[in-house]
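Asks: Sharing a structure here in structure tokens format.
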Amino acid sequence: SAKDMKHRLGFLLQKSDSCDYSSSQGKKDKASSSQRVSQEEVRKWADSLENLIHHDRGLAAFRAFLKSEYSEENIEFWVSCEDYKKTKSPAKLSPKARKIYDEFISVQATKEVNLDSCTREKTSHNMLEPTLSCFDEAQRKIFTLMEKDSYRRFLKSPYYLDLVSPPGAGCGPENCKRSHTHTLDCNSNIISQCA
């Protein structure tokens, strides 16, 4: 049932210690990631999809929500495009572009995103000579689609509402006063527990 799912999934706020961080930067990230996200920060996610997906925890929460709806391909495409735009080596552009195209844009794509035929054609044409901006139009369309559809559903979902409600408020049908722990493991799986 929806209540069971809400209780099981709870919400994220604290990263698992089982993540493997090898660099000193990773250790710094680990230390900062174990801190809880403030309610003020979580409320900012409701201001715009951009605020949500530019915050690590917000992105993880949105991804988990989309995964629960079997529609994570849109955010995965958006993230892949962001990563692609950071490519420094011109020699890596073409293979990275091809991988993104084959995974998300191609009609035979394993995680095909919902694009109109004009945008799909233009993106296909851009593949002849890939540049850092070859996915920009497709990425904008998918962002707009998420903004108008899944983002609005996310804001009404337990994935978001549990984060903005006071601690313990979402802890079972009796609304118990026990503490409610929300964690996110290394694979963006949400773990919720009543203490």
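The values are calculated or read from the model by the stated rules, or taken from the named source; none is laboratory data. Keep in mind that this is a model prediction, so the values were computed, not measured. With ideal geometry, Cβ positions are generated from the backbone for all residues, glycine too; neighbour counts draw on all protein chains shown.
Asks: Going by the conditions given, is residue 107 among the β-branched types (Val, Ile, Thr) and in contact (Cβ under 8 Å) with a residue 40 or more places away in the chain?
Replies: No, not satisfied.
Asks: Quick check on this structure: which one of 126, 114 is touching a Leu at 6+ places or on another chain (Cβ under 8 Å) and surrounded by 12 or more Cβ atoms within 10 Å (Cβ to Cβ)?
Replies: Result: 114 is the single residue among 126, 114 that is touching a Leu at 6+ places or on another chain (Cβ under 8 Å) and surrounded by 12 or more Cβ atoms within 10 Å (Cβ to Cβ).
Asks: Any idea which of (1) among the β-branched types (Val, Ile, Thr); (2) surrounded by 15 or more Cβ atoms within 10 Å (Cβ to Cβ); (3) within 17 Å of the chain's Cα centre (by Cα); (4) at pLDDT 95 or above is the one residue 190 doesn't satisfy?
Replies: (4)
Asks: Next question. Residue 25: touching a strand residue (DSSP E or B) at 6+ places or on another chain (Cβ under 6 Å) and at pLDDT below 90, yes or no?
Replies: Considered against the rule, which asks whether it is touching a strand residue (DSSP E or B) at 6+ places or on another chain (Cβ under 6 Å) and at pLDDT below 90, residue 25 comes out as no.
Asks: I've got another one for you. Kindly indicate the residue of the range 102-123 that is assigned to a helix (DSSP H, G or I) and of a type in the set (Val, Ile, Thr) and also nearest to residue 134 (Cα to Cα) among those meeting that condition.
Replies: 123
Asks: Can you tell me which residues in the range 57-101 are among the small types (Gly, Ala, Ser) and not in a loop (DSSP other than H, G, I, E, B)?
Replies: Matches in the range 57-101: 58, 60, 61, 64, 68, 80, 91, 94, 97.
Asks: If I ask for residues that are modelled with pLDDT of 95 or more and either within 11 Å of the chain's Cα centre (by Cα) or at positive phi (or both), which ones from the range 68-84 would you list?
Replies: Hits for the range 68-84 are 72, 73, 74, 75, 76, 77, 78, 79.
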